[in-house]
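Structure record follows, encoded as structure tokens.
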Amino acid sequence: MITKRIIPCLDVRNGRVVKGVNFEGIQDVASPVEMARFYNESGADELVFYDITASVEERKLFTDILTEVAQEIFIPLTVGGGINTLEDFDRVLKCGADKVSVNSGAIRDQGLIPAAAKKYGDQCVVLSMDVKRVDGRFMLFARGGRENTGIDALEWAERGVKNGAGELVVNSIDTDGVKKGFDIEMLKAVADRVNVPIIASGGAGCMEDFRELFQDPRIDAGLAASIFHFKEIQIGDLKRYLRENGIEMRI
Amino acid sequence: MIAIIDYGVGNLFSLSSSLRYLGLENKLTNKREDIQAADRIILPGVGAFADAAEKLRQTGLVDTIKEETAAGKPLLGICLGMQLLFEKSLEYGEHQGLGLIPGEICPIQPDLRQPLKVPHIGWNSLRFTEKAYDEGKRVHPLLKYSRNGDYVYYVHSFYAKNCGENTLAVSEYDVEIPGAVANGSVLGTQFHPEKSGSAGLAMLKAFSEL
């Protein structure tokens, strides 16, 4: 049986892992390479690295870190942040990424997903979307969740998949950092519209939140950052707990 | 030395890194001499079958691969590389493979009875088939460091069919997906051992000792 996946996300800035709460008030946590080793040994099914740097120098530091991780950790690695062109895909794939996650880049250039899917295959292209309720509708946000694009998020998801996105990361701005559970309502709405794997992000606070998430068979993976970084939840404990609750897990 | 055939299909960074991590000398190459000089050959690949088959033909290496494997040199095909070892694929038309393992590559979608997602992406458990064991009940050398039930990482939309005689291990995804196949010294994994954590490394190590 195929398993549900548990994915820690490492936001990297200036060579260090950071984690924001509601995308603000970032705190330093630790070395990305050390954390990647730790998560690999703890049973993480996949790792996501978000490059939240701005300058060219820091970007070089990020790809050096990625290369170091990819040389010793042999589980799928997804890279996002600052992916705006095919050259950006190429840059991180050469450093050992398996999948590339696009967010604002896909909004700015709607030809990016189809071009990347054609060149690298659908399996390589992950569409990451930051979504927030506005007047009862799910709206797509850009610029790290700061700007309402005016685009309907469900239509965006559907279009992204038609264009060749092989997986979706759905990050709920409404539940991000709040630790009261994933945004099940939002995730179900997205799952109604697409038939590719859905990675849920934003809101995990305890192990029960993951159990509740995986009650919907259409949700494939749960992604979280701070609860893993601060060891509020150990991935090994989480996976054993989920398996005891009848959810297929790689242990 | 393990020759990893570089024919412009897919990202070989992880594969090369994982072999290096195991202390196994390897070389990305599209040169006949390298493949002849190697102890073992790996045929990687992601993407579409027809495109990859054409690119492989353009390297002019197909005959070399066939000669070397006929002489008993171990060959491991990974993911699309495994699919290329079969007789043919029905991925968007009908395309000829290398014909080193009997069977064909077919789409998963029409065979599903449950509404599962395709591609089949993620970690799935391997179940050894009876073909994984010889008459003395010893497990196939490719699986000697593996455990029945090990989880491995898949990403694919097509799968091998009519190859039960050569299937060492399967994964369940409503249909039975042949995960590891072998025909003499010609071996293949539908999953990515270079992305399957310690279970994958164990299989690459076993391959290096064949």
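Here are a few things to note about the model shown:
- A:VAL170 being within 24 Å of B:GLY8 (Cα to Cα), touching a Leu at 6+ places or on another chain (Cβ under 7 Å) and surrounded by 22 or more Cβ atoms within 10 Å (Cβ to Cβ): no
- Considering residues of the range B:113-133 that are in a loop (DSSP other than H, G, I, E, B) and under 21 Å from the mean Cα position of the chain (by Cα) only, the residue nearest to B:VAL46 (Cα to Cα): B:PRO119
The rows are residues; the columns are (1) away from chain B (no Cβ under 14 Å); (2) surrounded by 17 or more Cβ atoms within 10 Å (Cβ to Cβ); (3) at pLDDT 95 or above; (4) out of contact with any Lys or Arg (no Cβ under 8 Å at 6 or more places or on another chain).
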| position | (1), (2), (3), (4) |
| --- | --- |
| A:ASP176 | yes, yes, no, yes |
| A:GLY181 | yes, yes, yes, yes |
| A:ILE184 | yes, yes, yes, yes |
| A:VAL190 | no, yes, yes, yes |
| A:ASN195 | no, no, no, no |
| A:ASP216 | no, no, yes, no |
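- Scope the range A:2-52; condition surrounded by fewer than 16 Cβ atoms within 10 Å (Cβ to Cβ) and modelled with pLDDT of 90 or more; matching residues: A:ARG37, A:GLU41
- Residues in the range A:144-173 that are in contact (Cβ under 8 Å) with a residue 12 or more places away in the chain and basic (Lys, Arg): A:ARG146 alone.
The rows are residues; the columns are (1) more than 17 Å from the chain's Cα centre (by Cα); (2) within 21 Å of A:ILE113 (Cβ to Cβ).
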| residue | (1), (2) |
| --- | --- |
| A:ASN163 | yes, yes |
| A:ASP183 | no, no |
| A:GLY203 | no, no |
| A:PHE210 | no, no |
| A:PHE230 | yes, no |
| A:GLN234 | yes, no |
| A:TYR241 | yes, no |
| A:ILE247 | yes, no |
| A:ARG250 | yes, no |
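- Meets criteria (free of Cβ contacts under 8 Å to residues at least 40 places away in the same chain and more than 24 Å from A:GLU46 (Cα to Cα)) for B:ASP111: no
- Residue selected from the range A:65-85 under the condition part of a helix (DSSP H, G or I) and open to solvent by less than 10 Å² (accessible area, probe 1.4 Å), by the criterion nearest to the other protein chains (Cβ to nearest Cβ): A:ALA70
- Look at the range B:21-37: where a residue is under 20 Å from B:GLY10 (Cα atoms) and within 14 Å of another protein chain (Cβ to nearest Cβ) and a partner is open to solvent by less than 40 Å² (accessible area, probe 1.4 Å) and modelled with pLDDT of 95 or more, sitting 6+ places away or on another chain with Cβ atoms under 6 Å, you get B:ASN26/B:ILE2; B:ASN26/B:ILE4; B:ASN26/B:SER16; B:ASN26/B:LEU19; B:LEU28/B:ILE4.
- Taking every residue in the range A:1-13 that is farther than 17 Å from A:PHE230 by Cβ and away from chain B (no Cβ under 14 Å) and pairing it with any residue that is open to solvent by 10 Å² or more (accessible area, probe 1.4 Å) and of a type in the set (D, E, K, R), at least 6 positions away or on another chain, the pairs with Cβ-Cβ distances below 8 Å are A:ARG13/A:GLU58.
- Answer residue from the range A:218-251, given it is touching a residue at least 40 places away in the same chain (Cβ under 8 Å) and open to solvent by 50 Å² or more (accessible area, probe 1.4 Å) and is farthest from the other protein chains (Cβ to nearest Cβ) among those: A:PHE230
- Within the range B:189-205, being under 14 Å from B:SER125 (Cβ atoms) and within 11 Å of chain A (Cβ to nearest Cβ) holds for B:SER196, B:GLY197, B:ALA199, B:GLY200.
- B:CYS106 satisfies every condition listed in (1) closer than 16 Å to B:THR167 by Cα; (2) in a loop (DSSP other than H, G, I, E, B) except (2).
- Here is the figure for the range B:166-188: residues that are over 17 Å from B:SER125 (Cα atoms), touching a strand residue (DSSP E or B) at 6+ places or on another chain (Cβ under 7 Å) and either within 14 Å of another protein chain (Cβ to nearest Cβ) or not β-branched (Val, Ile, Thr) (or both) total 5.
The values are calculated or read from the model by the stated rules, or taken from the named source; none is laboratory data. None of these values were measured; they are calculated from a predicted model. With ideal geometry, Cβ positions are generated from the backbone for all residues, glycine too; neighbour counts draw on all protein chains shown. Each accessible area value is taken on the protein alone, full model and side chains, heavy atoms only, with ligands, DNA and RNA left out. Shrake-Rupley method; radii C 1.70, N 1.55, O 1.52, S 1.80 Å.
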